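What follows is a single structure, written as structure tokens, with notes after it.
Every number in this text was worked out from the coordinates using simple rules, so none of it is lab data. A quick note: this is a predicted structure, and the numbers were derived from the prediction, not measured. Note: ideal-geometry Cβ built from the backbone for every residue, glycine included; neighbour counts use all protein chains shown.
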Amino acid sequence: MHFPLPPNPHAIAVLLLTILALVLLSREKIALETSSLFLLVSLSVGFELFPFADQEGTQVHAVDFFSGFGHEALVAVCALMVAGQGVMRTNALEPAGRILARLWKRSPSLSLLLTLCFGAAISAFINNVPVVVLLMPVLISVSCKTGTSAASVLMPMGFSTLLGGTATTIGTSTNLLIVSVASDMGLKRMNMFDFILPAALAASVGLLYLWLVAPRLLPRRGIAIDNGSPRVFDAHLAVLEKSKIVHLPLAKAIELTGGSMRVLALERGHGNLIMPLPDVELRAGDHLVLKETPEKLKEFEQILEGTLYPVDSAERPIDNENPLQAPDQQIAELVILQSSPLHGQSLSESHFAEQYGLVTLAIHRTGRSPKRIYDRLEKLPLMVGDILLVQGPRRQIAKLKERAEMLVLDSTMDLPFSQKAPVAMFIMKGIILTAAFGLLPIAVSATLGALLMILTGCLNWRDASRALSVQVILIVVASLALGTAMLRTGAAEYLATLFLTLAGNASPALVLSGLMLLMALFTNIISNNATAVIGTPIAVSIAEQLQLPAEAFVLAVLFGANMSYATPMAYKTNLLIMNAGEYNFHDFLRVGVPLLLLMWALLSLVLPILYL
């Protein structure tokens, strides 16, 4: 086995930066925006300080790496995010949700199959986040009413939207990127339905797996929402001046609750934590850090004559003059979405209490711990998938549902239907049809659709700006920049040669299969967009060296980069269903790894037959 000679120094530097990128993008503690900007700056500064000319003698300049900000793939991705926000904001998919909810009462098993098929079909044309947001309350509601476990159906539903997203060029941002990068490299541009046949064949088998097998692999536990009682939350219980436990030892306070109260810590002054020893004397103003269900928290509040820590004021007790004691008070659970105004902000920064008229009692973050779990709730930066336990008047909860800025989880299936919903669906269909028939490029039709969403009142500019994710924009631009560097320096060609050397005398079908599996492994560890853009130049180089059609290997990258099933961090909808279904990391491995291997095996058989 003769390994290829090392490439030029610039290519080696790009390869080392690529390895560093794989590490940075897989670190949860480092923001993706920070990692992406670091890669972009490293490339631009590096090539300015150390000039390089490609094989054609063209100088590579720093500005070449910023071209991703004007790339048609990024324009299409952003425009589709805005259009998808219009669909979600108007609840345009709500009628379909009500139909599915009625069918569940007749035949839960058949209804699950129809739900999976609906999720897959609609996700081929609409970003799967609004689809998951629509179906989560439906499944939770029908699970409560039919006595089944929502935990056994939420993950299959989420994965079905991922399967459907691979069917068209606009199904995911990953697809758009791969198609655009391949076109930039000289390949014939793929049309919307060019690879729907292998995608549909694989998705059909995948849906059968999600319908018949996956629910049996998931634990048959009832999640908190199933039985109508909210889950366990971390919360603060403030000790008031009039409380009976002032000047009493902590052990006596626990005794008053029948020994059922478990104190995790005692906060005496902002950020001043002391050990919750049994003989510690309690003082007015102390905060007991508890982890309990809302019912227990309210019970402790009454017994100890304290108050659950309110977000808007740490000194004001909840009394008869406080509206929180009004008879129409309701406790609700709010899921933080990518487009939520709270995403990335703390409750104090967003003025949540003043803006929504609700008090946050606690936060639930399944499988992940905040950096300082005992920090005051209003100072904790919120992440996608976090669930807030809030309390306030019923009318305020209803208004929150109407605004559709956060997902309200309950068992009532009470989704508002906007009068603008038919307009939003008409615009979305127009985007799809004009692109499908080649009347307009997807970047143009999606941008036109986004403008129409705003002009018709389906969205305002505030909603549109929330739909745009800085994280997505930076990771797309950084990935495009890294792909450009790999291509111009010859690093992609070197990796392709190395890959073929390691493959030995393997058949083209096995090489294609190995490439797809490698992309599938990467996409579950790092960003799927980064995997796609890095893998596409390598796929084209492999095809050129084998003198085979490049389309097959590009599709191997596309399908592999979309196999985001094995880990909760692989895709943002995985985090949403992880919290709602109270899944852990092993649940994703138990269901996602077999699905990944099944899709890989099927596509390894289908792609060579159709394209080689």
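Can you give the charge dipole size of the chain about its Cα centre, rounded to the nearest 20 debye, using +1 on the beta carbon of Lys and Arg and -1 on the beta carbon of Asp and Glu?
1280 debye
I need the per residue convex hull volume for region 105-202, using only the alpha carbons, in cubic angstrom as a whole number.
87 Å³
What's the Kirkwood radius of region 229-309 in Å, using all Cα pairs?
12.3 Å
Can you compute the label reach from L20? Point 7 Å from Cα along the Cβ direction, backbone N cut-off under 12 Å, restricted to region 38-56.
Taking a point 7 Å out along Cα→Cβ of L20, the residues of region 38-56 whose backbone N falls under 12 Å are 38-47.
Measure of size requested: the Rg and Dmax of the chain, with Cα atoms as the atom set and Å as the unit; please supply both.
Gyration radius and largest Cα-Cα distance of the chain: 26.2, 83 Å.
Output the pairs from K296/K401; K105/K291; K298/K401; K244/K399; K401/K429; K29/K296 with a Cα-Cα distance over 30 Å in this structure; if there are none, say none.
Over 30 Å Cα-Cα: K105/K291; K244/K399; K29/K296.
Quick one: net charge around L452, please, counting Lys, Arg +1 and Asp, Glu -1 for every other residue with C-beta under 15 Å from its C-beta.
Result for the local shell: +2.
Between R262 and T34, what FRET efficiency follows from the Cβ-Cβ distance if R0 is 35 Å, with the result rounded to 0.05?
0.45
Which order results if T18, T169 are arranged by neighbouring Cβ count within 10 Å, fewest first?
By the 10 Å Cβ count, ascending, the order reads T18, T169.
Kindly state, to the nearest 0.05, the FRET efficiency for F50 paired with K188, given R0 = 35 Å and r defined as their beta-carbon distance.
About 0.50, to the nearest 0.05.
Taking only the C-alpha atoms, wrap a convex hull around region 5-57 and report its volume per residue in Å³ as a whole number.
82 Å³
Given H placed 1.01 Å from N in the peptide plane, which residues other than close sequence neighbours of L361 have an amide H under 5 Å from its amide H?
L389, V390, Q391
Tell me, what ³J(HN,Hα) does each residue in region 530-535 have, in order and in whole Hz, if you take phi through Karplus 6.51 cos²θ - 1.76 cosθ + 1.60 with θ = phi - 60° and put x for Gly and Pro?
Values per residue, Gly and Pro as x: 5, 4, 5, 6, 5, x Hz.
Would you order V246, V41, V132 from fewest to most other beta-carbon atoms within 10 Å of each residue's own beta-carbon?
In increasing order of surrounding Cβ atoms, one gets V41, V246, V132.
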